[in-house]
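Coordinate-derived values only; no laboratory data. Here the structure is a predicted model, which is why all the values come from computation and not from measurement. All Cβ positions, even for glycine, are placed from backbone atoms using ideal geometry, and neighbour counts span all protein chains on display.
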Amino acid sequence: MKMYNSENIFAKILRKEIPCEKVYEDEVSLFINDINPIAKIHVLGIPKSPCIDYSDFIEKENDKNISAFFNSVEKVLTLLDVKKDGYKIITNSGINGGQEVPHFHIHILAGEKIKL
Ligand code: AMP
């Protein structure tokens, strides 16, 4: 079984050890602008619990917080005003998924036609 490494960059952002461009925050989640955006709008949704990827999050986190995270994604989509023209939500896992940061997060891509 993979072990969560609390020295990953999102863990440091969550502990406020390094800065970020915050879009939205509540008790369960933090949403920030991606430092290297691949679309006009590129926001990362990061649950605060120490989970490696989507499956780890679903396995470890309680239903209340899972629900709270996805409800906050919906809130941020409204905040970003992207629901009319559309958006893409992606999450990467492991080597085959090309995951760079081993703390579960989703990418919200919008603001233009996303060619992925
Ligand atoms: P991935 O793990 O492949 O799903 O993607 C990690 C994402 O985190 C990439 O899109 C990076 O550009 C982004 N990223 C890495 N470091 C930072 C940072 N300090 N602040 C914001 N985004 C970051």
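For region 9-110, averaging the sequence separation of C-alpha pairs within contact (under 8 Å, six or more residues apart) and dividing by the residue count gives a relative contact order of 32 percent.
Taking square-rooted eigenvalues a ≥ b ≥ c of the alpha carbon gyration tensor, is region 56-116 rounded, prolate or oblate, where a/c under 1.5 means rounded and, failing that, a/b exceeding b/c means prolate? Since a/c reaches 1.5 but b/c is at least a/b, the shape of region 56-116 is classed as oblate. Scanning residues 5 or more positions from Phe104 or on other chains, those with amide H under 5 Å from its amide H are Cys51, Ile52, Asp53, with H placed 1.01 Å from N in the peptide plane.
Label positions at Phe70 and Lys22, each projected 7 Å from the Cα along the C-beta direction, are separated by 2.7 nm. Here is the link list: Lys48/Lys84; Lys16/Lys115; Lys60/Lys84; Lys83/Lys113. Which ones come out longer than 22 Å on Cα distance? Pairs exceeding the cut-off: Lys48/Lys84; Lys16/Lys115; Lys60/Lys84.
Helix 63-80 and the long axis of the chain differ in direction by around 30°, with both axes built from C-alpha atoms. A rounded overall shape is assigned to region 10-116, the ratio a/c of its alpha-carbon gyration tensor axes (a ≥ b ≥ c) being less than 1.5.
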